[in-house]
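See below for the structure under consideration.
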Amino acid sequence: QVQLVESGGGLVQPGGSLRLSCAASGSIFSFNIMGWYRQAPGKERELVARIISGGRTNYADFVKDRFTISRDNAKNTVYLQMNSLKSDDTAVYYCWGVSGYADYWGQGTQVTVSS
């Protein structure tokens, strides 16, 4: 059973940066798609960014040109580099992966953007 474990969340001031990491307990080659979702209090979970096995990436409009998703197959890790953070980016960020017909989720990491 593959597990996804996020790290890198925390408190940052508006305009600051954070890098989230998602480490898979197994090989991420088995994942066709990996990505990040987020959920703010009182809101539905929403897709932030995803990366397909061939390297193609997709981003939500609200993070384009600010966030970058990448993967390191050798380290079985997916990253989310977040720059120019805004208070609206405050949420729990979840790592997500699709392997075959199954979805896998991490436990989430809190990102708080506040002065």
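The values are calculated or read from the model by the stated rules, or taken from the named source; none is laboratory data. In this text, all values refer to a predicted model and were calculated from it rather than measured experimentally. Every residue, glycine among them, receives a Cβ derived from its backbone with ideal geometry; neighbour counts consider all protein chains shown. Accessible surface areas use protein heavy atoms only, side chains included; no ligands, DNA or RNA. Shrake-Rupley method; radii C 1.70, N 1.55, O 1.52, S 1.80 Å.
Would you mind working out the accessible area per residue for the chain, using a 1.4 Å probe, and quoting it in Å²?
Using a 1.4 Å probe on heavy atoms only, each residue of the chain averages 53 Å².
Of 81, 108, 14, which is farthest on the positive side of the dipole of the chain, counting Cα position, with +1 on Lys and Arg Cβ, -1 on Asp and Glu Cβ, and the Cα centre as origin?
81
Among the lysines, which have Cα under 19 Å from the Cα of residue 43 when same-chain residues fewer than 8 positions away are ignored?
86
Over the range 1-90, consider all pairs of different Cα atoms and compute the Kirkwood hydrodynamic radius from their mean reciprocal separation; express it in Å, one decimal.
Details: mean 1/r = 0.0730 Å⁻¹.
The answer is 13.7 Å.
Convert 10 °C to kelvin, take the viscosity as 1.306 mPa s, use the Kirkwood radius over C-alpha pairs of the range 60-104 as Rh, and evaluate the Stokes-Einstein diffusion coefficient in µm²/s, rounded to a whole number. Working shown, then result.
Details: Rh = 12.5 Å.
Calculated translational D: 127 µm²/s.
Take each of the peptides 91-97, 71-77, average the number of other beta-carbon atoms within 10 Å over its residues, and list them starting from the highest. Write out the running numbers ahead of the final one.
Working: 91-97: 21.9, 71-77: 14.3.
Put in order of decreasing packing, that is 91-97, 71-77.
By per-residue mean of other Cβ atoms within 10 Å, what is the highest-first order of 79-86, 39-46, 5-12, 61-68? Spell out each step's value before the answer.
Values: 79-86: 18.4, 39-46: 10.4, 5-12: 15.8, 61-68: 13.9.
Ranked from most to least packed, the peptides come out as 79-86, 5-12, 61-68, 39-46.
How much of the accessible area of the chain, probe 1.4 Å, is carbon plus sulfur, in whole percent?
Answer for the chain: carbon and sulfur cover 46 percent of the accessible area.
What is the dipole size for the chain, taken about its Cα centre, with +1 at each Lys and Arg Cβ and -1 at each Asp and Glu Cβ, in debye to the nearest 20?
Value, rounded to 20: 160 debye.
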